[in-house]
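Comments concern the structure below.
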Amino acid sequence: MIEPTIIVHGGAWDIPSSLTTRSVNGVKAAACKGHEILRCGGSAVDAVVAAVSALEDDTAFDAGHGAVLNLKGEVELDAIVIDGRNLESGAVCGLQGCANPVQVARLVMEKTSHCLLSGRGATDFMESQGIARIPDTELVTPEARNEWETYVKFSAAVRSLFSSRSTPPVTSGCDTVGAVAMDAKGNLAAATSTGGITAKLPGRVGDSPIIGSGAYADNTVGAVSTTGHGESIMKVCLAKKVGEQMEKGDTADQAARNALDFMAQRVGGAAGVIALSKDRQGAACQVGHHFTTTRMAWSSISNGQIRWGIDPGQEMISPLNG
């Protein structure tokens, strides 16, 4: 029996101190939910969808509930699921009125011959699958509404939403969520979900729903989910870059570091990565994470232990049932 493993993230950005406890508790709970599915024999796809759905339901994060507003004051959601067994993938972008876009992304993968549905088409497909559209008022928190109003009021003062540790911190939320997992059969999967960035142009799509940018999974290599400055991530195909590094022999952690260093040098963007890479026998996997933003909430479960952290260099460990 292969030891099931999962790691999740709750976004890489300058997470304010007022959100650190909620963010850490959220990723730990999501990791536990996904791992319980793996422990009971569920697939890696089942696990990452469940973990990301839990994060979408948590208003500490920007995906589903807690989503931010675009420039017109609307919610537009992006999500992706990738099955490492056969490289099947499903994604949505610009989806509206949905609490759990990752579940719609899975339906795109399983019920259509397409990889990505956008905008009205994605929303129509969601409704055709029996998922009712819900109003934005059920998704948007007062904090997200206040942030949007501030951005609109001071739109002339354009600021970067992301910061590396060498630049002044920016507190605007952009907490994409994601998960990668390996099940007891050795299959890998990845999922990523986001509400985007506050006051984005309507129709803007970031890295999250793009294969090889927001996520990637291949049983022969590993699985990856990314978070951070979407435009930078897309320019270097960050998730695929991590996979290429693992294919060259890097551990999951080394691959994440090398890919993020490359992105910083090439396009100057900051981001975070979670990754799993199989060992040479394919019977276990290496767990990796790294981020070049100020903070990233993450949690992993493997070998009867749960790990978590949010600050650079921080890693807390305890027995899973401890």
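The values are calculated or read from the model by the stated rules, or taken from the named source; none is laboratory data. Since the model is a prediction, treat every value here as computed from it, not as a measurement. Heads up, the Cβs are rebuilt from the backbone with ideal geometry, glycines too, and the neighbour counts pull from every protein chain shown.
Okay, here's what the table says:
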{"item": "Within segment 235-246, considering residues that are more than 14 Å from the chain's Cα centre (by Cα) and not basic (K, R), the one nearest to S213 (Cα to Cα)", "result": "C237"}
{"item": "Segment 39-49, residues that are within 18 Å of K278 (Cα to Cα) and either without any contact (Cβ under 8 Å) to a residue 60 or more places away in the chain or surrounded by 24 or more Cβ atoms within 10 Å (Cβ to Cβ) (or both)", "result": "A44, V45, A47, V48"}
{"item": "Selected residue (criterion: modelled with the lowest pLDDT) from residues of segment 50-70 that are farther than 29 Å from S277 by Cβ and touching a Leu at 6+ places or on another chain (Cβ under 6 Å)", "result": "A67"}
{"item": "Positions within segment 193-223 being surrounded by 21 or more Cβ atoms within 10 Å (Cβ to Cβ), touching a Lys or Arg at 6+ places or on another chain (Cβ under 8 Å) and under 20 Å from D183 (Cα atoms), in sequence order", "result": "Y216, V221, G222"}
{"item": "Per-region count, segment 70-94, residues in contact (Cβ under 8 Å) with a residue 24 or more places away in the chain and assigned to a loop (DSSP other than H, G, I, E, B)", "result": "10"}
{"item": "Residue in segment 56-69 that is surrounded by 24 or more Cβ atoms within 10 Å (Cβ to Cβ), within 13 Å of the chain's Cα centre (by Cα) and either in a strand (DSSP E or B) or acidic (D, E) (or both) present", "result": "yes"}
{"item": "Segment 101-120 - residue that is in contact with a Leu (Cβ under 9 Å, 6 or more places away or on another chain) and in a strand (DSSP E or B) and, of those, surrounded by the fewest Cβ atoms within 10 Å (Cβ to Cβ)", "result": "S118"}
